[in-house]
C-alpha cells in the first residue's frame, strides 16, 4: 500500500492549551493519517518552520494575538505583527500556495476586514466551532483545492 503524503497544518498560537487541543482534534477524529500537525508558539518559530522546505505547511492556523517576550505587546502591536507576517507569506514567491486561516478570539470587524484584505482563506473564532466542524472546515478547504 502506497503511503500518501499528509497535508501539513501549522498552528501558530502562544497558548499551550490551544496547541494541545488543536493537535488532539485530529487524533481523536482519527485524522492523523491525513493531516500532520506542526506547532509553533511564536511567529519566529513559525518562520523557522517555513524556511525548512521539508516542513513547509499547506495551511497555517494563525492567532492574531501572539505576544513576544520583552517587547511591546499592546493589542495593536500584536495585530500589526500578525498582519506583517501574513503579508510576508503572501509576498514570498516560495510560499504562494499556503492557505492562511485566522484562528483567534478577536471578533472585531476591523480586524476581520484587515486580514481579509490580505487574502486569508478563513477566519474562525476560537470556541465557536466544535472539533468536528474544524476538521470539516479543513477538509473542505483541501478537497476544494485538490480538484
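What follows is calculated from the coordinates using simple rules that are stated; it is not laboratory data. Bear in mind the structure is a predicted one, so any value in this text is a computation, not a measurement. When we count neighbours, we look across all protein chains shown, and the Cβ atoms used for this are built from the backbone with ideal geometry, even at glycine.
Structural remarks
- Here the range 61-102 is scanned for amide nitrogen atoms under 17 Å from the site 7 Å beyond the Cα of residue 21 along Cα-to-Cβ, giving 61-67, 102.
- Sequence-separation-based contact order of the range 1-54, relative, with Cα cut under 8 Å and 6+ spacing, percent: 46 percent
- Added length on full extension, which subtracts the Cα-Cα distance from 0.36 nm per residue, residue 143 to residue 73: 21.5 nm
- Of all DSSP beta bridges in the chain, antiparallel share, percent nearest 5: 0 percent
- Pairwise label distance in nanometres, residue 107 with residue 129, each label 7 Å out on the Cα-Cβ vector: 1.7 nm
- Tilt relative to the chain, helix 75-91 - C-alpha long axis, 0 to 90 degrees, to 10: 50 degrees
- Top of 63, 113, 14 by mean-square fluctuation, Gaussian network on the chain, Cα under 10 Å: 113
- Kirkwood estimate for the chain, i.e. one over the average of 1/r between Cα atoms, Å: 15.8 Å
- Over the chain: helical MRE at 222 nm, DSSP H runs n ≥ 4 each giving -39500 (n - 2.57), nearest 500: -13500 deg cm²/dmol
- C-alpha long axis of helix 131-145 to longest principal axis of the chain, angle in °: 80 degrees
- Nearest-ten-degree value, helix 16-28 long axis tilted from longest Cα axis of the chain: 20 degrees
- Top of 20, 37, 102 by mean-square fluctuation, Gaussian network on the chain, Cα under 10 Å: 20
- Among 74, 87, 44: highest mean-square fluctuation, GNM of the chain, C-alpha pairs under 10 Å: 74
- Each Cα pair under 8 Å and six or more residues apart adds its separation to the average, and for the chain the resulting relative contact order is 22 percent.
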